[in-house]
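Below is one structure, written out as structure tokens; the observations come after it.
The values are calculated or read from the model by the stated rules, or taken from the named source; none is laboratory data. Predicted model only: the values in this text are computed from it and were never measured. Here the Cβ is made from the backbone with ideal geometry for all residues, glycine too, and neighbour counts use every protein chain on show.
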Amino acid sequence: MFSLMLHKLIHKKWMVLCLLLGNILLIAVAACYPLYRVSSFQRMLSDEFEAYSEEKGVWPGTVNVTYTTLKGGAKTGFENMQNAADEALLDMGVEVMDHISTYNLATQKAVPGVVRDNVDEKRITLAAADEMWEHVNLIMGDIPADTLTKDGFIETVISAKAMIDQDILVGDEYTYATTALIDGSPLKVRVVGVFEQIDENENYWISFGDHLKENIYMDPQLYKECFWGEDKENNYSMGAKWTYIWDYRKVSVSDVTALISTMEKFDRNKTLSGRINQGGADTVLNEYATKAKRIEATLLILQVPVLLLLLAFLYMIAGQMLQMERNEISLLRSRGAAKGQVIGLYFMQSVFLSTVSLIPGLPLAAVFCKLLGSSTAFLEFSARRSLDVKFTGDIVIYAFFAVLMSVIMTTIPVIGFSGLSIVKLKQSKSRSGRSLWKKMYLDIILLAISSYGYYSFSKNENMMVMNVLSGESLDPLLYVSFSLFILGAGLFCARLQPYLLKAFFAISKKRLKPSTYASLLGSIRTGAKQEFIILFMILTVSIGISDTMIARTIVSNAVNNTRHIVGADIVLKEKWGDNSAYVQNGQADTLTYMEPDFSKFETIEGVNSATKVVYDTEGKVPSKKVSATIMGIKTSGFYGVTEMTDSLNPYSYEEYLNVLASDPQAVLLSENFMTKQELHIGDVITYENSAGKSAVGYVYGFFKYWPTYSAQTYSLNTDGTVETTDNYMVVTNYSYLVKRWGVTPYQVWLDTSDEGEGFYRFAEENPSALRLTKLENMAEEEEAIIGDTMFQGTNGILSMSFIVILLLCVVGYLIYWIMSIRSRELLFGVLRAMGMRKREINWLLIVEQICSGLFAIVTGGFIGILSSNMFVPMIQKAYAASEQVLPLRLITKSSDMIQLFAVIGAVLAICLVVLARIVSTMNISNALKLGED
Amino acid sequence: MSEIILETKNVKRVFPVAGSDPFTAVDDVSIKVPKGSLCILKGRSGSGKTTLLNMLGALDYPTSGEIIFDGTDITKLNENSREKLRRNQVGFVFQSVSLIPMMSAYENVEFALRMANIKENRGPRVEECLKMVGLGARMNHMPQEMSGGEQQRVAIARAVAHHPAIIFADEPTAELDSQTAINVMNLFKEMVTKENVTIIMTTHDTSLMGAGDVVYELEDGKLI
């Protein structure tokens, strides 16, 4: 049977190649997802850790276990606590780089042996730290002994800093007034040395902090002997801190879930609960997990259409192959092969083909994964951002499922055919039933379901914002509605097509040329055969279009939005000098600022223009009891560095700026001053800055949108509800504010032509000239958006889908028509015999292509645009819900459309050329002989 | 003898055979077919009769020789004129399914009229032809819904519909039972008289020979 199968395959090499192509792509697409997930999530995880570390200035992989006991209250025991802490770290399974244990008695009064400067009492903390001696240099004296001295003293050392701060000298002796050793003898310490840190940046010192300036340190072993142990601990108030520095860079994404649950376990652990602190790693990991879940769901959903299309492609090709093999099957059946044997033969073929496809499919998955990881925009890839591809066990599962689905899709059609005997074959040729989906009105049902989905989602848009804010992913149902809508509309159009043809045919029947007549009639009568290819093309085009629209829209909206919020290419604030010290001392009455040199910005290479912007987010409008952002601008300078789309506001940007410039005291207000605070044009308002200085303004206009302004901000409360805050803004003239308030610190807004490169060079070369307290660079923000796993994954997956779809479209369409023409050679022979010219036959084919291909392209385009307009605004919410300020604009890049339609156009053209070639080489008499078999 | 409508002079057709000597399918055949006759080309399978018929019907070119149709050597005509000839002057009936599968019986016949660019009174002529072949009641049936004999009768109706001067029929009875075959032959004879058309058909069935006005027999590509 295997050899029969191979024989069969060799004879159908084109079909087999198509099946292989479909299988390879299916496996690659399915398997590249887990690959990409692992690699990109790893990148995301380390980015999150780095960001946290940068922002908070701490090493996120720090576990602190602290334990303090009061005299008379010890329960757990320090030894136990230390073991519990060690065990916890073992449980976490992380790589511990450093391990610091510090111990101390409560700070208490100590009486010096020799009184200096009339100080007869000091508060000194006796402390110890494991392995301390390995990390210090003694400047003076000795390392403390690990036993009590013969005269009952505990030897200690002190840091050079503490020596000064505490005024302690080597040789000093102190006796603690209220604490004694366990045998009742007084607790006496002697300072025997002074040390300094070998390297103060070492991890070892991370948990010492300022204590180094206060404490005296004894031998840790001796400390434990003196104060630890069941019999002793009850007598002392003391503490211990165990710090573990672990390497967060070694955490792999697959460990995250386990790590989080281990960390959560500590909170329930009786010994550790409340005493263990994860130093930020828990926050980072939890944030990562939420984000990862969201991204994972989103990316998975985005992939579904292309996977379905691939399966449909396999189904179609398998069906075509069966059509060609109908005679063989009926022959097999008539010669006594059981139905099961026929199915078995095809099943074996499916398994064989899809298994063979694994060999090129998996490496291709790695290529796809690299492509995904390097995508910078839709259909744009940059080698700069490459991704380490790691093969994991996951991909076996995904690849297995791909193979399984492929086997199912390519075997299903066989079941219908396997019952064919020669008799039934003859009968079936005379029957042309309506497709099941038509009888079931599947198109109408799908449209109804998806429209309901659209309706309920659009009604609950705020709900969606809240869900996304609380860390949930894009609701899969939304995307399902989107896909079902495309499918439903595609099916509906495929249902409609025959009616359109019939209508056209009925009207023009009498006047048609023979070739057009034959072609149209053929398309009408054999419509069921074309249904699938038409549907396939419609889906290809519409999914292709919506892919480009989703990708372009999501990224460009995020970028535009960020640009709006940032305000200009570069927004910075310098450190201003002031006389606050004098004001505090009473040497000056009012606070005055010293303005840094502004002219330098105008000389920086790459900076087109610079302007001063007073920007105070903590201003007030006292009469309305609202806080507001006060913005003071130089209108022409501001116009040079910012941009606003005119259609967003009732008036053009220029008009706003002109009216502001016309009166020094003019103010422009955010629209909610009018709608919620009942201010009108012509009103006079008083507003204050954060320092409480007031100014008066005449209201000249209201705006909906203004650079940096967002009317509302959403935030998530701890109880999970979303809070909406109204934001107010007052825009006025910089010159007026300065006149009124004196020199006021301002932000500098720059318009650059080189993405800020010149500026950075300047900052590097002139560190003293630029002392910044704030810097926002639009180019960097943009890069961050593009590099964000969510955006990049979306872009990558949609680009990949798009490419795969185009490929399928080319191959599927070509193979369909080549097969279709091959099966009609006899017919063409008859037509030629009846005197039809070759070019008439070609025209017949062209008309056929118009009825199917062109129809599919046009309707597919229409469906793609319609469905994107309906669903993309909602899908987009999953990406930038909290910061969406600007209204969403659907972005279509004409180059994508050109690409899409050029490829499809080329497909049609190639298809026609190939078909015409087949027709022209077709020998009439040979074609006719075919029928004599 | 009446007027000669079709004449061949030393027609020869050689097919190149890959890796072997060329094969001569028709060798030096000269025949004359009078107008308004039923001419039968007889011979066993592989005797070259179909090849000869294809050349006569301007579907194929002879390697050498002349084919004179109504005073014109059609071997000298260009493809365009031959196509025109086929659509206006000639009708074909083939051995097996030669109907256009997506057209009904009526549409198949009408299509021949469309091809010949006949615009007037198409409907009545189609009905007339179908009634003539005894299928007046099944005009709107699709080919798949008809028996082999019925399909062949539709093909005959189609071949005659546009008033061709000559009809070529390649083994029109080969797939039919003897009863039906005789009916088809009778139909041909009827056409010859009623429509004043010339019919050239091939057959290997010796029992039908008697029906022919002119009979040529071929063996290994040669007339005997």
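Taken over the range A:25-68, residues that are crowded, with 24+ Cβ neighbours inside 10 Å and aliphatic (A, V, I, L, M) amount to 10. Scan the range A:725-779 residue by residue and report those that are touching a Ser or Thr at 6+ places or on another chain (Cβ under 9 Å), β-branched (Val, Ile, Thr) and surrounded by fewer than 19 Cβ atoms within 10 Å (Cβ to Cβ). Listed by number, the residues that qualify are A:THR725, A:VAL738, A:VAL743. Among the residues of the range B:115-130, is any farther than 15 Å from B:GLU195 by Cβ, out of contact with any helix residue (DSSP H, G or I) (no Cβ under 6 Å at 6 or more places or on another chain), at the interface with chain A (Cβ under 10 Å from one of its Cβ atoms) and hydrophobic (A, V, I, L, M, F, W, C)? For the range B:115-130, residues farther than 15 Å from B:GLU195 by Cβ, out of contact with any helix residue (DSSP H, G or I) (no Cβ under 6 Å at 6 or more places or on another chain), at the interface with chain A (Cβ under 10 Å from one of its Cβ atoms) and hydrophobic (A, V, I, L, M, F, W, C): absent.
Count of the range B:94-112 residues, restricted to those that are more than 7 Å from chain A (Cβ to nearest Cβ), at pLDDT 90 or above and either surrounded by fewer than 16 Cβ atoms within 10 Å (Cβ to Cβ) or under 17 Å from the mean Cα position of the chain (by Cα) (or both), is 2. When the range A:669-680 is limited to residues that are closer than 14 Å to A:MET729 by Cβ and more than 37 Å from the chain's Cα centre (by Cα), the one that is surrounded by the fewest Cβ atoms within 10 Å (Cβ to Cβ) turns out to be A:MET674. For the range B:46-55, residues that are in a helix (DSSP H, G or I) and more than 12 Å from chain A (Cβ to nearest Cβ) total 1.
The helices (runs of 4 or more DSSP H) found wholly in the range A:502-587 and carrying at least 1 residues that are crowded, with 17+ Cβ neighbours inside 10 Å and at pLDDT below 90 occupy A:514-525, A:527-566. Screening the range A:277-382 for helices (runs of 4 or more DSSP H) wholly inside it with 1 or more residues that are farther than 17 Å from A:ALA402 by Cα and either assigned by TED's automatic domain parsing to the domain that holds A:SER823 or within 25 Å of the chain's Cα centre (by Cα) (or both) returns the ranges A:281-324, A:339-373. Among residues of the range A:808-829 being in contact with a helix residue (DSSP H, G or I) (Cβ under 7 Å, 6 or more places away or on another chain) and under 23 Å from B:SER96 (Cα atoms), the one that is farthest from the other protein chains (Cβ to nearest Cβ) is A:MET819.
Here is a yes/no grid of residues against (1) surrounded by 13 or more Cβ atoms within 10 Å (Cβ to Cβ); (2) in contact with a strand residue (DSSP E or B) (Cβ under 7 Å, 6 or more places away or on another chain); (3) outside the structural domain of A:VAL38 (by TED's automatic domain parsing):
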{"position": "A:ALA177", "(1), (2), (3)": "yes, yes, yes"}
{"position": "A:SER185", "(1), (2), (3)": "no, no, yes"}
{"position": "A:ASN201", "(1), (2), (3)": "no, no, yes"}
{"position": "A:TYR204", "(1), (2), (3)": "yes, yes, yes"}
{"position": "A:THR262", "(1), (2), (3)": "yes, no, yes"}
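Scanning the range B:61-93 for residues that are facing chain A (nearest Cβ under 8 Å) and either outside any helix (DSSP H, G or I) or under 18 Å from the mean Cα position of the chain (by Cα) (or both) turns up B:GLU83, B:LYS84, B:LEU85, B:ARG86, B:ARG87, B:ASN88, B:VAL90, B:PHE92. Could you identify the single residue in A:GLU723, A:GLU678, A:GLU757 that is more than 20 Å from A:ILE633 (Cα to Cα) and out of contact with any helix residue (DSSP H, G or I) (no Cβ under 9 Å at 6 or more places or on another chain)? Just one listed residue meets the conditions, A:GLU723.
Every condition in (1) farther than 20 Å from B:PHE111 by Cα; (2) surrounded by fewer than 17 Cβ atoms within 10 Å (Cβ to Cβ) holds for B:GLU145 except the one numbered (1). Consider the range A:504-555 and keep the residues that are more than 12 Å from every other protein chain (Cβ to nearest Cβ) and of a type in the set (Ser, Thr, Tyr). The one that is farthest from A:GLY853 (Cα to Cα) is A:THR553. Within the range B:94-116, being in contact (Cβ under 8 Å) with a residue 12 or more places away in the chain and part of a helix (DSSP H, G or I) holds for B:ALA105, B:TYR106, B:ASN108, B:VAL109, B:GLU110, B:PHE111, B:ALA112, B:LEU113, B:MET115. Applying the selection to the range A:300-352, what residues are crowded, with 20+ Cβ neighbours inside 10 Å, under 22 Å from A:ALA399 (Cβ atoms), of a type in the set (A, V, I, L, M) and touching a Pro at 6+ places or on another chain (Cβ under 9 Å)? Result: A:ILE301, A:ALA318. Only residues that are more than 18 Å from A:TYR700 (Cβ to Cβ) and not hydroxyl-bearing (Ser, Thr, Tyr) were counted across the range A:622-645, and they come to 7.
Given the condition in contact with a helix residue (DSSP H, G or I) (Cβ under 7 Å, 6 or more places away or on another chain), part of a strand (DSSP E or B) and farther than 21 Å from A:TYR103 by Cβ, answer yes or no: does some residue in the range A:131-141 qualify? Yes, that holds for at least one residue. Within the range A:161-175, the residues that satisfy the criterion of being buried (at least 16 other Cβ atoms within 10 Å of the Cβ) and out of contact with any Pro (no Cβ under 8 Å at 6 or more places or on another chain) are A:ALA162, A:MET163, A:GLN166, A:ILE168, A:VAL170. Filtering A:ALA856, A:ALA909, A:ALA833 for residues that are surrounded by fewer than 18 Cβ atoms within 10 Å (Cβ to Cβ) and at pLDDT 80 or above leaves a single hit, A:ALA909. Checked against (1) at pLDDT below 75; (2) more than 14 Å from chain B (Cβ to nearest Cβ), A:TRP437 passes all but a single condition, namely (1).
The set of residues in the range A:207-235 being within 50 Å of the chain's Cα centre (by Cα) and not hydrophobic (A, V, I, L, M, F, W, C) consists of A:SER207, A:GLY209, A:ASP210, A:HIS211, A:LYS213, A:GLU214, A:ASN215, A:TYR217, A:PRO220. Residue check: B:GLY36 meets all listed conditions (1) within 14 Å of chain A (Cβ to nearest Cβ); (2) touching a residue at least 60 places away in the same chain (Cβ under 8 Å); (3) in a loop (DSSP other than H, G, I, E, B); (4) over 12 Å from the mean Cα position of the chain (by Cα) but one, namely (1).
A:SER252 - would you say it is within 25 Å of the chain's Cα centre (by Cα), surrounded by fewer than 20 Cβ atoms within 10 Å (Cβ to Cβ) and among the hydroxyl-bearing types (Ser, Thr, Tyr)? Yes, satisfied. Per the conditions (1) at pLDDT 85 or above; (2) touching a Leu at 6+ places or on another chain (Cβ under 9 Å); (3) not aliphatic (A, V, I, L, M), the sole criterion not satisfied by A:TYR479 is (1).
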